[in-house]
């Protein structure tokens with residue numbers, strides 16, 4: 001089971017310097033449905049191993065919409081601040097520990113994709129980011145998170161058209177912790193052949209390396225019998241790089 005995460009008390013670092021820069025409006029039902037669907041589609045993707053280089057989740061439930069989280073998220077979105085708020089300010093009665101993703105983008109789809117695309121930089125088994133940030137992605141697929149509420153505001157005088165804020169309860173994205181439990185085949189692979197071998201040889205199946213890492217020739221270079229070589233290759237091919 002993944003660990004409980006304490007939200008960091010991040011100060012606002014970049015603020016809107018324009019007066020009356022935001023168009024205040026409650027999020028509509030279509031946008032609620034769109035954001036909820038985008039999140040749950042992403043969680044389904046890790047459940048089935050559709051994100052390249054990310055292992056299958058053993059079990060991960062869809063998020064449900066929470067109006068209290070939405071209200072807090074909308075309050076921040078309406079300010080057109082370019083960054084997260086203080087963790088204390090986003091607390092709600094049912095969740096004292098609330099995570100948050102923020103994006104400035106022209107559409108909610110683009111903003112969400114910016115968060116999700118961080119999976120390409122995430123080394124799951126070492127729980128590290130290759131480069132940049134990964135906490136937006138890990139929050140989206142955090143197994144223990146159950147609820148979501150988002151706010152969206154038009155900020156026409158800002159560098160971005162929309163301020164998009166999503167709050168999550170309970171919080172996820174804890175550095176150093178797995179976002180979800182992996183499916184049994186991955187656990188077996190890690191135990192049988194060792195984490196160091198796994199990470200060194202096949203733990204980073206990103207697009208640029210899929211061809212060279214996920215093929216039988218690489219497995220043949222190991223000092224193993226043909227039977228073990230083939231078994232390793234089949235496990236890697238099936239569960240890490242199913243699209244190769």
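Throughout, read-outs are computed from the coordinates displayed, never taken from laboratory work. Because the structure is predicted, anything quoted here is derived from the model rather than measured. For neighbour counting, all protein chains shown are included, and Cβ atoms are generated from backbone atoms with ideal geometry for every residue, glycine included.
Structure values in brief
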item	result
Projected label distance in nm at residue 41 and residue 75, using a 7 Å step from Cα toward the beta-carbon	3.1
By average C-beta atoms within 10 angstrom, highest first, the peptides 72-80, 38-46, 89-97	72-80, 38-46, 89-97
Taking 177, 157 and counting other C-beta atoms within 10 Å, the order from fewest to most	157, 177
Ranked list, fewest to most other Cβ atoms within 10 Å of each Cβ, for 123, 117	117, 123
Rough spin-label spacing in nm, given labels placed 7 Å along Cα→Cβ, for residue 117 and residue 52	1.4
Residue order, fewest to most surrounding Cβ atoms within 10 angstrom, among 138, 153, 146, 107	107, 146, 153, 138
Percent of beta bridges antiparallel (DSSP, segment 29-169, rounded to nearest 5)	90
